[in-house]
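A short write-up of the structure that comes next.
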Amino acid sequence: MMPVSALLAALRSAGLPTADAAAAALAPRFVPQDLARSTPLLRQGEVWRFALVVETGLVRMHFLRRDGREFNKNFFAEGALVCPVTPAMWTGPSLFGITTIEATRIWRCDAEEFREGLAAHGQWSPLQSELLVKLLTGKLQREHDLLALDGRRRYETFCQRFPHLAARVPLVHLATYLGLTDVSLSRLRRAQRESAPVA
């Protein structure tokens, strides 16, 4: 059974400050999964039928482009709650995939059970609203960065906002997220290291 404290922390991080009863009721419905690096959790085109909490490791959301290459949409590390938020997400074919970046342990629950369990405690609508706000805010910020900032500033801004991810996400995945090539991001990283003050 998932520790109630872990689910409660994930719900609070997602925007539910008082979800103790819901966490206690839902924790027994989560089962653990230990996954190797590069394991698909959801393939683009499949129906997204689960909610998950990342206990250890790192996962990414990504689109498959027309040319067969992947474009990373988001990254989720320890303590993150990841679930389908809208009816289109939980009934239609997914527009993106979810794959592990590192060896990862997740706690997984059926998405419908998750929504119903939260709704029974009056918590699904507040959580859905919080997740939608974060989704929209993140999307607008990312679009601004891609259009208004050059590659160097995009990388520096990512490092400032997500220092826990900047050194952890592999170069190939971070480059596509930032709209850069592997080579240009490698140069930016090298320049940043060379300009860092010596302790």
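The values are calculated or read from the model by the stated rules, or taken from the named source; none is laboratory data. Predicted model, so just to flag it, every value in this text is computed and none were measured. Don't worry about glycine lacking a Cβ; one is built from the backbone with ideal geometry, like all the others, and counts go over all protein chains shown.
With respect to the stated conditions, Leu7 is within 25 Å of Val169 (Cα to Cα), aliphatic (A, V, I, L, M) and in contact (Cβ under 8 Å) with a residue 24 or more places away in the chain.
Would you pick out the residues in the range 44-86 that are aliphatic (A, V, I, L, M) and touching a His at 6+ places or on another chain (Cβ under 7 Å)? Result: Ala77, single match.
Would you pick out the residues in the range 168-183 that are charged (D, E, K, R) and either in a helix (DSSP H, G or I) or assigned by TED's automatic domain parsing to the domain that holds His62 (or both)?
Scanning the range 168-183 gives a single hit, Asp182.
Look at (1) exposed (fewer than 13 other Cβ atoms within 10 Å of the Cβ); (2) out of contact with any helix residue (DSSP H, G or I) (no Cβ under 9 Å at 6 or more places or on another chain); (3) modelled with pLDDT of 95 or more and you find that His164 fails only one, number (3). Being acidic (Asp, Glu), assigned to a loop (DSSP other than H, G, I, E, B), more than 21 Å from Ser5 (Cα to Cα) and over 15 Å from the mean Cα position of the chain (by Cα): is that true of Asp67 here? Yes. Screening the range 168-199 for residues that are among the small types (Gly, Ala, Ser) and surrounded by fewer than 10 Cβ atoms within 10 Å (Cβ to Cβ) and picking the one that is modelled with the lowest pLDDT gives Ala199.
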